[in-house]
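Accompanying notes for the structure given below.
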Amino acid sequence: MLIALLIIFSIIIVASSATVIYSTKNLPKDYKKCISSKIIIPPFDILKTPISTVYEDELRSNPAKSGAILIKSGKVAFLHRIALVRMARHSIDLQTYIYENDVTSRILMHEMKLAADRGVKVRILVDDNGLSSDTSDIMTLNYHPNIQVKVFNPYEYRSKILKYPQFLFNIKRLNYRMHNKLFIVDSSAVIIGGRNIASNYFDDSTNLNFSDTDVLFIGRLAQDALNSFNEYYNYHKSIPVDVFPNHNKPEELEKLDNEITGQSAYYQHEKELFNTAINIFISAYNEKKYPVYWGGAKLIADSPKKAEGKGYISPIISAIDGLWAETKKSVYISAAYLVPGKNGTKHIIESAKKGIKYNILTNSLSSTDAKVVYSGWDRYRDKLVSNGINVYEFRHEGYKVYNRHNSGASLHSKTIVIDDKISWIGSFNLDGRSALYNTEVIAAFFNEDFAKLLRQSMEQDMSEYISWHLFSKHNKTYWKTHRKGKEIIVGHNPDTSIFMRIMVFILKIIPEKLI
């Protein structure tokens, strides 16, 4: 009787739930007539944009090279994005996995709307897994004539209660997600890294903030990133918001604008400080006060065809294999979600025995926001440690580590440095999900000074005052750190309950390729 009632209840919900198509192949041939935002970007001289003009001589003399600025702090990462939006004159293209409808995200969306008001063409592509609501700000922006928003590989039924059942019954399609993160302005600059659009990626959450790494590239890599963005934006699984059944009404755009403007007026002092910080940043950029490193750069991106799930071989995997083959001296890895697998673990151990020095940083069980991924890492952690690999796990103490008041911290970087020569930055996690199911994008950059700078940043995170340093004694793994001037050593996952440790043990039953 209970099962029958549940079935009837499910049928009623499905029948009453609004739906959306998940491929433009399923739309009528004239569907473009109902799309309000038709974005056409007139041709412009990339070297004459406000971003490029500052470095026009360098860009003209080295058209094949790109300039790189390292972005470590979440606050600085946010200022970079706002400053680029204010400098934009022609186009802004945003590709992201997650958009949270929180304060920081709303400020960025408002700035993008102001850019659109002055004629800048804005295109936004967000994965449906990372979209909190069909009525969020990012969807509302679509009503602006200069803004178009699309959702990648959407769930068909829009009721939140049906999201997980849909995933279970349609895992063949919905398990494939767009994890790419690109922020491109005027085809002149691109920010690439691990940050999504949410307060906790910009050090503005009172609960948990992600420690991440971005790089701002100027020049050739920006055009390569734009080509990748266009491939996704025009793909049949990128669905225009206009055809979503629960999409907001046009008047919501003005309401949203008034709401955000009203809030900023209430916080006038903070607004003035914010604007001052942005103006200082733009002035410093225009005066070339930020260190820019010039070198060869290669964008390596999955095709959106990976989301079809038909045996696609990621070029990023091939690039990783090439990196390992070229390594001569050292490898530094900062990977939030690390599951090296049997082959990866074997390679690390064997190459370490040949003299290659490895330093690996990932999340501790207490700092990770994905316990199931840690269960995958747990399968290989002890073997790496017992073979002498330098392994570090990020601590959860965000306030003590980064002075974020009352907040914890979680590592979110996806960076690699090879031989102090090659830097690797992007969205790709060294795990099965990134390899098999998520589409990803990374940048490989070739400049020794920049590689050393990135390595030094990674070493700071690996400090025993910020992370746990793991070591093996009598075939047992121990965690070591320093707190309040004292060395602390524990023999199990630190800062965790026995319940959490048991949970991770149970999670190991999940096949590795699914985590």
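The values are calculated or read from the model by the stated rules, or taken from the named source; none is laboratory data. Not measured: the values here are computed from a predicted model. Every residue, glycine among them, receives a Cβ derived from its backbone with ideal geometry; neighbour counts consider all protein chains shown. SASA here: full protein model, heavy atoms, side chains in, ligands and nucleic acids out. Shrake-Rupley method; radii C 1.70, N 1.55, O 1.52, S 1.80 Å.
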Would you mind computing, in nm to one decimal, how far apart the modelled labels at ILE21 and MET503 are, each placed 7 Å from Cα along Cα→Cβ? 4.2
So what is the 222 nm mean residue ellipticity for the chain from helices alone, if each DSSP H run of at least 4 adds -39500 (n - 2.57) and you divide by all residues, rounding to the nearest 500 deg cm²/dmol? -11500 deg cm²/dmol
Of the chymotrypsin sites (Phe, Trp or Tyr not before Pro) in region 266-333, those whose Cβ has at most 12 other Cβ within 10 Å and which sit in DSSP loop: TYR267
Over 22 Å (Cα to Cα) among LYS150/LYS271; LYS150/LYS181; LYS163/LYS237 -> LYS150/LYS271
Find how many whole Å separate the alpha carbon centroid of region 50-83 from the alpha carbon centroid of region 124-145. 27
At q = 0.28, 0.35 Å⁻¹, work out log10 I(q)/I(0) for region 125-164 with the Debye formula, treating every Cα as an identical point scatterer and leaving solvent out; two decimals please. -1.03, -1.29
First measure r as the distance between the Cβ atoms of LEU514 and LYS346, then evaluate 1/(1 + (r/R0)^6) with R0 = 30 Å and state the FRET efficiency to the nearest 0.05. 0.90
Additional length obtainable on full extension of the chain from GLU464 to ASN230, 0.36 nm per residue less Cα span: 79.9 nm
Which far-off residues, 5 or more places away or on another chain, put their amide H under 5 Å from the one on LEU361, with H placed in the peptide plane? ILE333, SER334, ALA335, TYR392
Coil-residue trypsin sites (Lys or Arg not before Pro) of region 300-351, DSSP, other Cβ within 10 Å capped at 13: LYS310, LYS328, LYS329
Unit charges at the beta carbon, dipole of region 418-476: most positive-side option, SER423, PHE450, SER467: SER467
Three-way shape call for region 74-154 based on the alpha-carbon gyration tensor, with the a/c threshold at 1.5: oblate
Could you tell me the distance between the Cα centroids of region 441-500 and region 147-161, to the nearest Å? 38
State the extension gain, in nm to one decimal, for the chain segment bounded by ILE488 and GLU56, taking 0.36 nm per residue of separation less the distance between their alpha-carbons. 150.3 nm
If you filter region 347-398 for trypsin sites (Lys or Arg not before Pro), then keep DSSP loop positions with at most 13 other Cβ within 10 Å, what is left? LYS354
Tensor-based shape of region 283-409 (alpha-carbon gyration tensor, a/c under 1.5 rounded, otherwise prolate or oblate): rounded
Counting Lys and Arg as +1 and Asp and Glu as -1 over every other residue whose Cβ sits under 9 Å from the Cβ of GLY376, the net charge comes to -1
Just the number: Rg to Rh for region 412-515, Cα atoms, Kirkwood Rh, two decimals. 1.04
How large is the accessible surface of THR368 in square angstrom, using a 1.4 angstrom probe and rounding to the nearest 10? 10
Positive-end residue, region 268-337 charge dipole about Cα centroid, Cβ charges, pick of GLY296, ILE280, ALA325: ALA325
Cross-link table LYS414/LYS473; LYS383/LYS480; LYS75/LYS346; LYS48/LYS113; LYS310/LYS513; LYS328/LYS513, entries beyond 27 Å C-alpha to C-alpha: LYS414/LYS473; LYS75/LYS346; LYS328/LYS513
Carbon and sulfur together cover what percent of the accessible area of the chain at a 1.4 Å probe radius? 56
ARG118 to SER303: FRET efficiency via 1/(1 + (r/R0)^6), r the Cβ-Cβ distance, R0 25 Å, to the nearest 0.05? 0.15
Residue separation times 0.36 nm, minus the C-alpha to C-alpha distance between LYS289 and ARG89: what's the value? 69.8 nm
Express as a percent, rounded to the nearest 5, the fraction of DSSP beta bridges in the chain (both residues included) that run antiparallel. 65
Toy charge model, Lys and Arg Cβ at +1, Asp and Glu Cβ at -1: the chain dipole around Cα centroid in debye, rounded to 20, equals 1360
In the calculated pair distance distribution of region 152-243, what percentage of Cα-Cα distances lie above 16 Å? 68
